[in-house]
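To keep things clear, I will list the structure first and then write my remarks on it.
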Amino acid sequence: MNKNKFFFKISGMNCGSCVSSVEKVIKSVSGVDNAEVNFADSTATVSGDFPIAAVIAVVKKAGYEAALLSNDNADNKQMYREGTSLFIRALPAAAFAVWLMAYMHANAMPIAPFEPIWFFINWGTLAIMLLSGGYIYHAAWKSVLRMRPDMYTLIGMGTGIAWLYSCAVLYFPEFIPHESQYFYYEAGLFILAFINIGHGLEKYARGKASGAVAKLVALTPPDAIRLRQGEDEKVALSEVIVGDLLRVRPGENIPVDGIIQDGQSTVSEAMLTGEPLVIRKEVGDQVIAGTQNRQGSFVMRAEKVGQDTVLAQIVEMVRQAQASKPAIAQLVDKIAGWFAVVVLLLAIIVGSIWFLHGPEPRLAFAITIAMTMLVIACPCALGLATPMSVMVGIGRAAKGGVLMPRGNALQQLGLVDVMAFDKTGTLTKGEPRVVEIFSTSGGSTDRVLQFAASLATGSEHPLSEAIVAEAKFKDLSLLKCTKFDNTPGLGVSGTIGGKSCWLGNKEFMQKQKLSVEEFENEAKGLVAQGKTAVFVGRDKEVIGVLALSDDLRPEAKDAIRLLKKLGVSLVMLTGDNEKAASHIARSVGIDNVVAHLKPADKLTYIKNLQKEGKLVAMVGDGINDAPSLAQADVGLSLATGSDIAISSADVVIAVNDLKRIALAVRISRSTMANIKQNLFWAFAYNSMAIPIAAGILYPTTGILLHPWVAGAAMAASSLTVVLNSLRLNLVRS
C-alpha cells in the first residue's frame with residue numbers, strides 16, 4: 001500500500017469524454033482520495049492510500065491501459081512516434097480516396113456490381129479503412145460495450161455508415177430509390193485521412209508541449225563514475241546510494257546532489273537559476289544534480305539520490321502542475337463527458353426528420369446529414385482546450401524558474417487584487433549583519449554581543465543567526481543559556497549565570513518593565529537609516545543595543561515596478577518597527593506598509609482582506625510566514641526560503657530573482673486568456689458546425705456540408721486549439 005501522489009500514463013483516451021470515464025473508475029478504487037486525468041498528455045495523477053495494481057486493473061477493465069509514468073523522456077518520444085504512425089496511416093486512405101474520386105467522376109452509372117473494378121473498389125475501400133482506421137473501430141466497439149460513447153464512436157459510426165450505405169447502393173440498388181443512389185466510399189476514406197493527419201499534428205504539438213519535463217529529465221546523466229578502493233567504475237545512476245564517492249569530469253552533468261570532497265571546478269547552475277553565469281565550487285560546497293560541470297574535475301559525496309534530488313522534486317512539481325486542473329477545466333470535463341451522447345441522439349433525430357420530411361432524395365439526404373453530424377461534432381477540441389493551455393503555461397513557467405505545484409495557482413495568480421510581501425529575506429537579501437553595537441556608559445560592547453549571541457543560539461531567526469555569526473567572528477565564547485523561550489515577533493529570553501536575560505525589540509523590553517530610555521536616541525537614528533535595533537536586557541536593565549542591517553535585493557525595486565505595471569496592489573507586512581519598515585518600503589516603491597506584526601497578525605491581516613472580497617497573494621520565505629502563505633489565495637515562496645515556507649506555498653520561485661514573480665503573473669494571465677480563447681473556439685465551432693451539418697442552410701442557400709469536409713473541419717478545430725496553446729511559449733521573461 002502506498003500513500004502519496006502517483007503519476008500514471010493512460011493509453012486509449014481519444015477525447016474529453018474519456019477523461020470523466022477514467023477519473024470515475026480510478027476514484028472507485030478503495031483508498032483513492034482524488035484522481036485528476038489530463039487528456040493533453042494522457043496522464044493521471046492519483047493521490048491516497050491504495051494498491052497501484054488495483055488502479056491499473058480498473059482502468060484496463062474500463063477499456064483503457066494504465067502504467068506508472070517513467071521518470072525519463074520516453075513518454076515524450078512516444079508522442080512523436082505516435083504522430084509519425086498516424087501520418088503513415090493517413091497516406092493510403094488519402095491516396096485511394098483521391099484516385100477513387102477521380103474514377104467515380106469519370107465513370108457514371110449504371111454500375112455492374114460484380115465487375116472486377118467495383119469489387120476492387122468496394123472491398124479495397126474496406127481494407128484501407130481498416131488499415132488506416134482500425135484502431136478507431138476497435139476503440140468505438142469498446143465504447144459501445146461499456147455504454148460510453150466518445151469521439152471514436154462518432155467517427156466509427158459515421159465512416160461505417162458511409163461504407164455500408166455504399167454497399168447497399170452497389171449490391172442492392174433495387175431497394176434504394178434511384179434518386180438516393182449515391183456512393184460514399186471516398187467520403188469515409190477522406191474522413192479517416194483527415195482525422196489521422198489532424199491527430200498526428202496534435203501528437204507532435206503535445207509532445208512539444210510536454211517537452212518541459214523531458215528537458216528537465218534529460219539533464220540527469222544515465223550513469224555515474226563511482227570510486228571503489230581508489231578505482232573508477234561506471235555504474236547506472238539507479239545503483240548510486242547515499243555516501244558513494246563519485247568522480248565528475250569536465251563537461252559532464254552532475255548525477256546526484258552532494259558535497260565536493262576533493263578538487264575544484266566551475267559549475268553552470270542555469271537549470272536552477274536561469275542565469276548563464278558559472279559558479280566556482282570548492283571542497284565543502286554543495287552541487288546539484290543536473291547542473292553542468294565546466295572546467296575542473298572533482299570527487300563528490302552523494303547526499304541525495306533518486307527522487308530526493310532537487311531536480312527530481314522540480315520534475316515532480318512540474319508534472320503535478322501540468323496534470324492539475326483549474327476549476328474551469330472540471331466543468332469542461334463534465335460537459336465533454338456527455339457531449340458524444342447528445343451528438344449521437346441529435347444525429348439520429350435530425351436524420352429521421354430529413355428522412356420523413358426532407359426533399360428527395362430523402363434517404364440520401366438523411367444518411368449524408370447523419371454522417372456529417374457524427375463526424376463534425378467530435379468533442380476533441382473541447383477536451384484539449386484547457387489541458388493543452390495548462391501544460392504549455394506550466395512548461396513556460398518552469399523554463400523561467402517558476403514552479404506551480406498546486407493546481408489553482410495558475411488560475412488564481414493572475415486574478416490577485418493584493419500582493420503582500422514579507423520584508424526580511426524576501427525584499428532584502430535575508431543576510432543581516434551586525435554593523436554597530438552600543439553599550440551602557442563604561443560597558444563593554446563585546447559583553448553586550450556575548451549575552452546577545454548566547455540567547456540567539458536558540459533561535460532560527462535571521463537576525464539571531466547574524467548576531468551569533470558576529471560573535472563567532474570576534475572569537476567570543478558563548479555562555480550557557482537555560483529556560484530559553486521564544487516570543488514570535490518580539491524576541492527571546494533565557495537565564496544566563498542565574499540572571500534573566502532578554503533579546504528583542506523595544507516593545508519586548510517594555511513588556512519586561514525595562515527602560516530603553518538610555519538608548520532612545522541611538523535607536524531612533526538607526527531606524528531612520530533603515531537599520532534594525534535589537535535591545536539586550538539583563539536582570540533589571542537594558543545593557544545595550546545592536547544595529548543590524550539587511551541589504552535590499554538588487555532586483556527588488558525592478559520587481560516592484562513590474563508588478564505595479566501589471567496593476568497589482570502591493571503591501572509590505574513585517575514585524576519590524578514602522579520607521580525601519582517604511583524606509584525599506586520607500587526604497588523599493590511600496591506605498592502601503594503595516595509594521596509591528598507578529599505571525600498571527602499577518603494571518604489576521606490577510607483574512608480581513610479576504611473578507612472584503614479581495615484575492616490575496618503572499619510572498620514570504622521564513623518559517624514565520626508559513627501560516628500566511630497557507631492562508632493566502634496564492635502563496636509564493638523563494639526557493640532559498642525555509643522548507644516549511646516552500647511546502648506551504650502554491651508557487652515556488654526556483655530562481656533567486658524577485659522579478660520572476662511578475663513573469664508568473666503574466667504567465668497566469670496569459671494562460672487563463674488562452675484557455676478562454678480555446679474554449680470560445682471549441683464551443684463556437686460546435687455551435688456553428690452542428691447546425692450547418694444538420695442542413696440548416698440548405699432550404700435557403702442549397703448548401704449541404706459533405707462528410708469529408710466535416711472530417712477536415714473537425715481535425716482543423718483540434719489543431720487550432722493546440723497551436724493557439726503553443727503561443728504561450730512566447731510569453732516574455
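The values are calculated or read from the model by the stated rules, or taken from the named source; none is laboratory data. Everything quoted here is computed from the prediction, not taken from an experiment. Cβ atoms come from the backbone with ideal geometry, glycine included; neighbour counts cover every protein chain shown. The accessibility values were calculated without ligands, DNA or RNA, using every heavy atom of the protein model including side chains. Shrake-Rupley method; radii C 1.70, N 1.55, O 1.52, S 1.80 Å.
Figures for the structure shown
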item	result
Average accessible area per residue (Å²) across the chain - probe 1.4 Å, nucleic acids and ligands excluded	43 Å²
Residues of type aspartates and glutamates that Lys399 reaches as a straight line, Cα spacing below 20 Å, ignoring anything fewer than 8 places off in the same chain	Asp41, Asp72, Asp75, Glu269, Glu275, Glu316, Glu555, Asp650, Asp657
Hydrodynamic radius of region 504-637 per Kirkwood, over alpha carbon pairs, in Å	16.4 Å
Using a Förster distance of 41 Å, the FRET efficiency for Arg249-Leu552 (Cβ separation, nearest 0.05)	0.55
Where the Cα pairs of region 349-508 fall when distances are cut into 5 Å bins, in %	1, 7, 10, 11, 9, 6, 5, 5, 6, 6, 5, 4, 3, 2, 3, 3, 3, 3, 3, 2, 1, 0, 0
R0 of 30 Å, Cβ-Cβ distance Ala127-Phe355: FRET efficiency to nearest 0.05	0.50
Largest-first ordering by accessible area, 1.4 Å probe, given options Val492, Val594	Val594, Val492
18 Å reach of a label modelled at Arg362, 7 Å along Cα-to-Cβ, counting backbone N of region 157-175	175
Alpha carbon convex hull of region 477-583, projected area averaged over orientations, nm²	8.6 nm²
Range of Cα positions in the chain per principal axis (Å), largest first	121, 67, 44
Of the DSSP H helices in the chain, those whose Cα atoms cover at least 27 Å axially and whose Kyte score averages -1.0 or more	74-106, 116-145, 151-171, 185-209, 327-357, 380-399, 659-693, 707-726
Share of carbon and sulfur in the accessible heavy-atom surface of region 551-601 [1.4 Å probe, %]	49 percent
Extension gain from Lys5 to Ala102, taking 0.36 nm per residue of separation minus the Cα-Cα distance	29.3 nm
Overall dimensions of region 563-637 as given by Cα atoms, namely Rg and Dmax in Å	12.0, 31
Highest average packing first - 28-39, 508-519, 470-481, Cβ atoms within 10 Å	28-39, 508-519, 470-481
